[in-house]
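What follows is calculated from the coordinates using simple rules that are stated; it is not laboratory data. Keep in mind that what you see is a predicted model, and the values were worked out from it rather than measured. Cβ atoms come from the backbone with ideal geometry, glycine included; neighbour counts cover every protein chain shown.
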Amino acid sequence: MFRAAPRSTDYALLMLRLATIFVFLPHGLSKAFNWPMASAMFAGMGFPGWLGPITGIVEVIASVLLLVGFLNKWASLAFLTIMAAAITGVHVPLSVAAGSPTPGLERDVLLVAAVLVLMAFGPGAIAIDSQAPALASPSPAERSFQ
């Protein structure tokens, strides 16, 4: 269903999408285009090295999808999965060992909150998903705003 004009909620969701992309895209680009660095970084954190470049590619693709507001839930789910692995596989063990939160933990928790909001409320009216409803079924929260 098409909506007449964007409302403040739609602009807020657009800003949340852009802020999320602002963090993920540069990190994804560095991993996607520098495979040796990404592999070494992931291996150094205890993950398989081949996962580094793949994670970078996923971050770039999901960032582009989020930018245009297409397949919002899938892009958000990809980011949520990456952040869950970063928090549970890196930040929590290092924080426990150090006795205090590691740098970046707070940012990653905020990113989890951001993608959960995007999954719950959708990308807003300023997105491809809202213009092509057959491609993305609205969430219950989105239906309540219509």
Taking 0.36 nm per residue of separation between A84 and I128 and subtracting their Cα-Cα distance, the length gained on full extension comes to 13.1 nm
Percent of all alpha-carbon pairs of region 1-59 at distances over 18 Å, whole number, is 49 percent
Taking R0 as 35 Å and r as the Cβ-Cβ distance between V117 and V96, the FRET efficiency 1/(1 + (r/R0)^6), rounded to the nearest 0.05, comes to 0.80
Hydrodynamic calc, region 50-98: Kirkwood Rh from Cα pairs, then Stokes-Einstein at 25 °C with viscosity 0.890 mPa s, so D in µm² s⁻¹ is 209 µm²/s
Quick calc, the chain, dipole around Cα centre from Cβ unit charges on Lys, Arg (+) and Asp, Glu (-), nearest 20 debye, gives 180 debye
For the pair I54 and M15, the simple spin-label estimate (label points 7 Å beyond Cα toward Cβ) gives in nm 3.7 nm
Here, F22 and W74, labelled 7 Å along Cα→Cβ, have an inter-label distance in nm of 2.8 nm
extent check for the chain: Cα max minus min per principal axis, descending, whole Å, gives 51, 33, 20
